[in-house]
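Trainee: I am attaching a structure below and will ask some questions about it afterwards.
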Amino acid sequence: MIQNHLSLIMGNKVGDLTSTAEISKFRVGQVYAASVMYGYFLKRVDQRFQLEKTMKVLLNETEEENSVQQTTMDNARPGFEEDTSQGMSHPEVSTWPGGDVRPGGFSYGIKATRLRNYVMSLDGDTLQRYATIRSKEAISIIEKHTEALFGRPEIVVTPEGSVSKDENVKISFGGLKKLVLEAVTFGSFLWDVESYVDSRYHFVLN
């Protein structure tokens, strides 16, 4: 799933570690923040996945496993359409067709032996909930950390609208790949820290 995330960002340059590109620093910051949120989502949904396996909620292996998994993968169409109506959530999971696989939600009719298949078995509302950052504190950490790394772009307002005067930076695709992987890891750690602090101070509302 992380490899798929890299492919969505870098396209056919995933294996090209030496070429460089000129890109807006603000855009790199957006990619970093989105990757932090993706790592947060992966850790959150994996925790639920491991819990359901422990509780033996997931179905046992059947002879139809391969065909069901193939159908699930064929229906997968990740996209970058952000919906901020219910808080900060990762755009990559907002358009996954979880509810189109089976009408029953969690693992209904599907043996999700792998995390990706499990994610694809979830309904759309559940995916959106898992992709949403739970606390204002975590959102603030992502924003401040990203701003500390990439700065805040200077915006000038004109009669035609807002125009960004952000500077461009040169970055290798290898460097961009490392940056994305660092961000995903940071998001995973953020989930752990948020959960630990909440166990003591109970500040997470949803």
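Trainee: Restricting the range 172-205 to residues that are in contact with a Lys or Arg (Cβ under 6 Å, 6 or more places away or on another chain) and under 18 Å from residue 136 (Cβ atoms), which is modelled with the highest pLDDT? Break it down into steps so the answer makes sense when it comes.
Mentor: Restricting attention to the range 172-205, the residues satisfying the condition of being in contact with a Lys or Arg (Cβ under 6 Å, 6 or more places away or on another chain) are 173, 188, 191, 204.
Those still in the list that are under 18 Å from residue 136 (Cβ atoms) too: 191, 204.
On the way: 191: 96, 204: 87.
For the range 172-205, the residue satisfying everything is 191.
Trainee: Here's something else I'd like to know. Against the definition (in contact with a helix residue (DSSP H, G or I) (Cβ under 8 Å, 6 or more places away or on another chain), modelled with pLDDT of 95 or more and among the hydrophobic types (A, V, I, L, M, F, W, C)), how does residue 131 come out, yes or no?
Mentor: Values: in contact with a helix residue (DSSP H, G or I) (Cβ under 8 Å, 6 or more places away or on another chain): yes; modelled with pLDDT of 95 or more: no; among the hydrophobic types (A, V, I, L, M, F, W, C): yes.
Criteria not met by residue 131.
Trainee: Could you please find all residues in the range 10-19 being out of contact with any strand residue (DSSP E or B) (no Cβ under 8 Å at 6 or more places or on another chain) and open to solvent by less than 50 Å² (accessible area, probe 1.4 Å)?
Mentor: 10, 11, 14, 16
Trainee: For residue 101, which of the numbered conditions (1) at pLDDT below 65; (2) closer than 19 Å to residue 35 by Cα fails to hold?
Mentor: All conditions are met except number (2).
Trainee: Can you name every residue in the range 193-206 that is open to solvent by 60 Å² or more (accessible area, probe 1.4 Å) and either part of a helix (DSSP H, G or I) or under 13 Å from residue 133 (Cβ atoms) (or both)?
Mentor: So the first thing to find is which residues in the range 193-206 are open to solvent by 60 Å² or more (accessible area, probe 1.4 Å), and the list is 193, 196, 199-202, 205-206.
The answer is 193, 196, 199, 200, 201, 205, 206.
The values are calculated or read from the model by the stated rules, or taken from the named source; none is laboratory data. The structure displayed is predicted, hence computed values, not measured ones. Virtual Cβ from ideal backbone geometry, glycine too; neighbours counted across all protein chains shown. Heads up: the accessible areas ignore ligands, DNA and RNA and are worked out on the full protein's heavy atoms, side chains in. Shrake-Rupley method; radii C 1.70, N 1.55, O 1.52, S 1.80 Å.
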